[in-house]
Each structure stands twice: as structure tokens, then as C-alpha cells.
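Here it is, the structure, as C-alpha cells.
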Amino acid sequence: MSVTLLIPTFPQWSLYTEGLSVEETGWVMGIFALGLFLMGPFCSKLVQQYRRNQVCIWAISALTLTLLLPVYVSHIDFWQILLLRLFQGTAFGLAQMVIASTLVIDTCESFQRTEANHSATWFSRFALSIGPMAGLLLFRQFGMSSVFYAAAGCSMAAALLILFVHFPFRVPSEDVHSISLDRFFLGSGWPLFLNLFVVMVGVGLILSLRFEPFDFALMMIGFLLALLAQRFVFADAELKSEAVTGLLLIIAAILILIYVPSSLLHFPLLGLGLGIFGARFVLLLIKLSRHCQRGTAQSTFILGWESGMALGIGLGIGFFDGNRGLLLFTALFLVALGMMAYVLFIHRWFIQHKNR
């Protein structure tokens with residue numbers, strides 16, 4: 001939530017308080033995607049050389065500082081804001097990778113780890129609806145400073161929660177390279193990553209539009225329905241059906257935004273589709289991973305999800321500003337492209353290469 005609070009509010013603050021242009025604001029929102037990758041190659045070395053929970057706490061602390069800095073600086077120019085967002089993406093990316101690739105897995109028995117991965121990504125989806133809703137409410141009632149304070153408070157609460165958990169000492173490996181794909185990116189899963197990335201760019205385009213807090217509450221309802229659907233509808237369904245159904249629901253949500261913008265169905269359908277699609281794709285990546293690559297698969301999913309969404313938001317603000325129709329048709333094209341690629345090529349490729 002420390003990051004999702006800023007999705008609908010940071011662009012407005014950049015435009016109307018700091019005086020950035022529309023194009024500059026698009027760059028500011030999009031560069032967050034680049035930051036997510038910067039510390040990834042060093043993640044394995046850091047968690048082996050230092051205590052893994054301490055690495056995560058330091059990353060979250062750095063994120064907290066970047067969230068508080070704008071409150072205490074009277075005016076920040078474009079390049080400073082751009083650098084600030086890059087640092088936010090870097091700190092958030094490292095914290096997420098350590099949590100997903102190491103901390104969540106290390107606190108579970110081996111037979112519970114898939115369920116733990118599944119649960120962790122669901123909390124991230126809930127933050128995607130609760131964060132923007134809370135951010136808009138705070139922004140309208142108390143101004144942008146309250147949003148920065150709330151975001152910093154969320155990150156500090158995350159650090160405190162990690163401090164409450166006991167992580168047993170683990171002897172560091174001796175053959176760890178300074179730069180590695182371990183705990184960062186699952187190279188064998190690049191087709192799934194690209195598929196996820198393309199779809200999430202389309203979703204990010206949608207989220208770059210201005211919505212009301214109630215819309216994000218409706219998205220939460222869609223996420224809850226997705227949980228029920230996984231339990232009762234897709235429990236014994238064919239493997240391909242879950243991802244395809246999720247993508248079809250996202251497409252339906254975009255079509256409603258295009259042709260019936262006054263309808264209240266678009267955000268519940270978007271939440272339902274994202275929930276079903278995202279839950280299936282994280283499991284596909286886990287099934288593709290080999291022994292001891294589960295955490296790397298989880299990090300790959302997070303990178304595809306977060307970077308695609310951040311890039312989509314940046315493009316939606318900086319490139320499509322004022323042209324809602326073109327933006328929505330582009331989002332529709334990207335999600336449809338992702339669905340066709342999955343149905344025609346990627347699912348068959350996955351069946352041939354999965355390891356679980």
C-alpha cells in the first residue's frame with residue numbers, strides 16, 4: 001500500500017503542485033518500472049552476505065525516506081522527482097524480491113510453500129484496490145502531505161511486522177556470485193514474463209485514468225469474487241481455462257469502459273479478471289521453476305506485474321493524456337494480444353517445459 005497509495009495521487013501532485021508537464025509526469029510514473037530491476041542482480045549476494053530480514057528492513061527504510069522527502073522539501077524540480085521515483089522503485093523492488101524469494105518461503109514448511117506464495121501475491125492485489133482508494137480519500141480531505149505520511153506509515157508498519165518474525169540463522173553459501181539471476185529473474189520463464197508484462201501494461205493504461213474511490217472499492221469486490229471462483233469454480237478446471245477466463249474478464253471490463261462508461265461493472269470485472277489471471281500466472285511460473293528456484297519464480301512474477309503496470313501508468317499519462325478512447329483501445333489491443341499469445345503459443349510451450 002505504501003506504493004499503491006501514490007498511483008492516483010502522485011500524478012496530480014506532480015502536475016498541479018510541482019508544475020510538471022504531462023509528458024514529465026508520465027516519465028516520473030514510468031521510471032518506477034526501471035527502478036524495480038536495478039537491485040535484482042545483487043539480491044542473492046545481499047541476502048547471503050547479510051541477514052536476509054535486515055536487507056529487507058533496510059530496503060523498506062530507504063523506501064520510507066523517499067516517501068517522506070517531498071514533505072520536507074518546498075519545491076522539487078523534474079529531475080529530482082524523476083530520481084526520487086527511480087529510488088522508490090529500486091527500494092520497493094529489492095524489498096519485494098527479498099520478501100517473496102526468501103522471507104515468505106523460509107518461514108514455511110516445504111509442503112506449505114506454494115500456498116504461501118499464493119497468499120503473498122493475493123495481499124499485493126488487495127493493496128492495489130485499498131491503496132488507491134485510501135490515497136484519493138486522504139488527498140481530497142487533507143492534501144498530498146497526508147498521502148506521503150500514510151505511505152511512509154505503511155512501509156514502517158511493514159518493517160515492524162518483519163521484526164516480529166524470527167528467522168533462524170543460516171550459514172551463507174560460499175559460491176555466491178556478486179551478480180546473479182538467483183532470487184531475481186527466472187530465465188527459463190521469459191515467455192510467461194513477457195506475456196504477463198504485456199497484459200499488465202494494458203492494465204496500467206487503464207489505471208492511469210482518473211477514477212473515484214468507490215471504483216477501487218468495487219475492484220476489491222472483484223478480487224474477493226476471484227478468491228471464491230478459485231475455490232469453487234476452478235478447483236478442478238482445465239489448466240488453460242483459468243488464465244483465459246481472467247483475460248476475457250479484463251477484456252470485458254475494457255469494453256464496458258469504452259461503450260458503457262456509466263456502468264458500475266467495469267471495476268468489479270477488472271478485479272475479478274486480474275485476480276483469476278494473476279493467481280494462475282504465479283502458479284505457472286512456480287511450476288516452471290526447478291529445485292530451489294521457487295523464490296526466483298515469485299520475484300519474476302512480481303517484476304512482470306509491477307513493472308508492466310508502472311510502465312502502463314506512465315504511458316497513459318504522458319502519451320495518451322486527453323485521448324481516453326485511444327488509450328482504452330490500446331489497452332484492449334494489448335490484453336487481447338496477451339490472450340492470443342497465451343492460447344496459441346505460450347500454454348503449449350509451458351506444458352512442454354514445466355517441471356512440477
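The values are calculated or read from the model by the stated rules, or taken from the named source; none is laboratory data. Treat the numbers as computed from the prediction; the structure is a model and nothing was measured. A quick note on method: Cβ atoms are made from the backbone with ideal geometry, for glycine too, and the neighbour counts reach across all protein chains shown. Surface accessibility is based on the protein's heavy atoms, side chains included, excluding ligands, DNA and RNA. Shrake-Rupley method; radii C 1.70, N 1.55, O 1.52, S 1.80 Å.
Look through the stretch 72-82, keep the residues that are open to solvent by less than 40 Å² (accessible area, probe 1.4 Å) and aliphatic (A, V, I, L, M), and return whichever of them is modelled with the lowest pLDDT.
Ile76
Taking the stretch 1-60, which residues are outside any helix (DSSP H, G or I) and either open to solvent by 40 Å² or more (accessible area, probe 1.4 Å) or over 21 Å from Cys154 (Cβ atoms) (or both)?
Met1, Thr17, Glu18, Gly19, Leu20, Ser21, Met39, Tyr50, Arg51
Which condition number does Val199 fail, the rest of (1) at pLDDT below 90; (2) within 25 Å of Asn355 (Cα to Cα) being met?
Failed condition: (1).
Something else: Would you check if Phe123 is within 15 Å of Gln12 (Cβ to Cβ) and part of a helix (DSSP H, G or I)?
no
So the check is Cβ under 8 Å with 6+ separation or different chains; which pairs have a first residue in the stretch 46-62 that's over 22 Å from Leu181 (Cβ atoms) and a second one that's surrounded by fewer than 17 Cβ atoms within 10 Å (Cβ to Cβ) and of a type in the set (Val, Ile, Thr)?
Between residues of the stretch 46-62 that are over 22 Å from Leu181 (Cβ atoms) and residues that are surrounded by fewer than 17 Cβ atoms within 10 Å (Cβ to Cβ) and of a type in the set (Val, Ile, Thr), the close pairs are Asn53/Val165.
Restricting to helices (runs of 4 or more DSSP H) lying wholly in the stretch 244-356: which have 3 or more residues that are at pLDDT 90 or above and open to solvent by less than 20 Å² (accessible area, probe 1.4 Å)?
Answer list for the stretch 244-356: 266-288, 294-318, 324-341.
Cβ-Cβ below 8 Å, separation at least six or inter-chain, first residue in the stretch 106-120 and more than 12 Å from Val282 (Cα to Cα) and at pLDDT below 80, second assigned to a loop (DSSP other than H, G, I, E, B) and open to solvent by 80 Å² or more (accessible area, probe 1.4 Å): which pairs?
Close Cβ pairs satisfying both conditions: Asp106/Arg170.
Okay, residues lined up against (1) within 21 Å of Ser44 (Cβ to Cβ); (2) over 26 Å from the mean Cα position of the chain (by Cα); (3) buried (at least 19 other Cβ atoms within 10 Å of the Cβ):
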| position | (1), (2), (3) |
| --- | --- |
| Met156 | no, no, no |
| Phe164 | no, no, no |
| Pro168 | yes, yes, no |
| Val176 | yes, yes, no |
| Ile179 | yes, no, no |
| Gly187 | yes, no, no |
| Trp190 | yes, no, no |
| Phe193 | yes, no, yes |
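Are any of the residues in the stretch 207-218 among the aliphatic types (A, V, I, L, M), closer than 19 Å to Thr4 by Cβ and touching a His at 6+ places or on another chain (Cβ under 9 Å)?
Looking through the stretch 207-218, at least one residue is among the aliphatic types (A, V, I, L, M), closer than 19 Å to Thr4 by Cβ and touching a His at 6+ places or on another chain (Cβ under 9 Å).
Scan the stretch 234-243 residue by residue and report those that are in a loop (DSSP other than H, G, I, E, B) and surrounded by 15 or more Cβ atoms within 10 Å (Cβ to Cβ).
Result: Phe234, single match.
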